[in-house]
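The values are calculated or read from the model by the stated rules, or taken from the named source; none is laboratory data. These figures come from a predicted structure and were not determined experimentally. FYI the Cβ positions are ideal-geometry reconstructions off the backbone, even for glycines, and counts take in every protein chain you see. With ligands, DNA and RNA removed, areas are computed over all heavy atoms of the protein, side chains included. Shrake-Rupley method; radii C 1.70, N 1.55, O 1.52, S 1.80 Å.
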Amino acid sequence: MEAAAGAGPAEAAGPEALSCFSYNQDCTSLAIGTKTGYRLFSLSSVEQLDQVHENNEIPDVYIVERLFSSSLVVVVSHTKPRQMNVYHFKKGTEICNYSYSSNILSIRLNRQRLIVCLEESIYIHNIKDMKLLKTILDTPPNTTGLCALSINHSNSYLAYPGSSTIGEIVFYDGNNLRTVCTIPAHDGPLAAITFNSTGSKLASASEKGTVIRVFSVPDGQKLYEFRRGMKRYVNISSLVFSMDSQFLCASSNTETVHIFKLEHTTDSRPEEPPTWSGYMGKMFMAATNYLPAQVSDMMNQDRAFATVRLNFSGQRNICTLSTIQKLPRLLVTTSDGHLYIYNLDPQDGGECVLIKKHSLLRSGKADENKENDLQPPLPQSYAATVARQSTMPSSSSMPGYSEDGGALRGEVIPEHEFATGPVRLDDENEFPPVSIRSP
C-alpha cells in the first residue's frame, strides 16, 4: 500500500522543495525528506495538517519510511547513501544501522519484514530484531529500486522485476523466504507495482503507462485490465489500492490522476430487454471473439471510474486513497511541497473535487503529542502486534533463517551497529508502540 517518491542517491534534488515523500502503510501518515532533514504528518483531518515530528539533524534525506503509526522510522541520506538508519523518533534514539555494498534505492516494511533494495540485490530483515534473514543476489538491474511488499504481515509477499527488458514480475514469499512464481505482466519494462492491503492482489504498469493490470496473488492470474490512455506514453509515478481494495489510483507526469473501480465480474448477467441497441451490443461483444487478441483486449479494457485534473504537469507526485473523517478522499503530494485533498464520489465517480491544499513546509513547532490526541488510545503495542498468533513458523525454525544472518551460506552480510543493549520487544517503552486503526 505504500506510495513513495524520491530522488535517487546519484540525483540532485535541484529546485524541488522535497527530496522524497511517502505515505505509510495504511495511508494515515505522510513523511517528507528535505535538504535539512525530515518531517512526519498525521492525515486524520482535512482542514488541519498536523506535524507530529521534525528532525533537522540529518541532511539531504532521500528515503524516509514510517512503520504504520509507530515511532519507528527508517532514514537514508545522500551523505551516506549506503547506510540505513532505524530510529525511535519519539525517544530520539537510534535502534540500529546497516551499511550495504552499494547505494540504497528503496525501502519497504511491514510488521514482520524490512526490505532494502539495491540495484542488483535485495536484503530481507526481520523487523522484530533487525537481523538479516535473506539476501537475494544477482537480481536484474533495477536502477529505480522498484519493488513492493505486502503490508499484510501474515504473508509478507514481495514483488520485484524479473527482467530489465520485459515486464516480468517475481513473487517472493517474505515469510518462508522462497520464490513463489514469475508472471509475464507486460511486454515492456515495469514502471510501478503495488499490493492491496491483504496481499491478495497486485497491480502493475509498464514504462509506457497506457495499460494497468491487476493479478491475483500468489497464482498470478490476470483479474482486471484498465486503460489509462492511448494518445501518449507517460511515466507512472504512483500506483495504489484503496484500503478496501475497491479502487485503484494511478498518477503520472501528466496533469491527470486516474481512479479505477474493481467491480466484481460475473458470468451471469441479467437479461437485457430486446431493444435494437441491446442487440447491437451483444453482436459487438461477440465480434471481439473473432478479432486479433490485441484489438479484442483494447475493446474489453475498462476506463477510469473517476479522474482529477491537476493544475500542473511534469512534477514528481504520489497519490493515495484514504478515508478521512469517514469519507473517501484522494490525496496528492507534490515535489514542490504541497498536499492536495480531493473528495471522491464512491457511487458515481466522475471528476473529483479539490477541497483543501496544504503547504508541507510551513514554519511551526512540531507537536509531538498531537497525533496521539487525535487518535483514540489503544492498548495494543507493537510487541503485542508482532506477537499475535499466525500460521508463520518461529524465526529459529523458519526455512532459510539462521542466527548468523546467512554467513554460513556464503551470503554477504552488511556492516551494522545496534543500540546499546538488546531491543526488548516485550517492553513498550523500549520498542515503538503501534496503534491499530480500522479504516
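Here the stretch 79-98 is scanned for amide nitrogen atoms under 18 Å from the site 7 Å beyond the Cα of N56 along Cα-to-Cβ, giving 92.
In the stretch 199-245, what trypsin sites (Lys or Arg not before Pro) fall in a loop by DSSP, with at most 13 other Cβ atoms inside 10 Å? Sparse-neighbourhood loop trypsin sites (Lys or Arg not before Pro): K231, R232.
Taking all protein chains together and a probe of 1.4 Å, list Y224, Y98 from the most accessible to the least accessible. Working shown, then result.
On the way: Y224 30, Y98 5 Å².
Descending accessible area places them as Y224, Y98.
Here the simple spin-label model places points 7 Å from the Cα toward Cβ, and for T182 and Q221 these points are separated by 2.3 nm.
Computed from backbone phi, the HN-Hα couplings of the stretch 208-221 come to 5, x, 8, 10, 10, 10, 10, 10, 7, 10, x, 7, x, 7 Hz, rounded to whole numbers (Karplus: 6.51 cos²θ - 1.76 cosθ + 1.60, θ = phi - 60°; Gly and Pro given as x).
Once divided by 2.2 N^0.38 Å, the Cα radius of gyration of the stretch 1-129 becomes 0.99. Simple spin-label estimate for I355 and Q325 gives 0.6 nm between the two label positions (7 Å along the Cα-to-Cβ direction from each Cα).
Across every pair of non-identical alpha carbons in the stretch 152-205, the mean reciprocal distance, once inverted, gives a Kirkwood radius of 11.3 Å. Computed from the Cβ-Cβ distance with R0 of 30 Å, the FRET efficiency linking S154 to N311 stands at 0.10.
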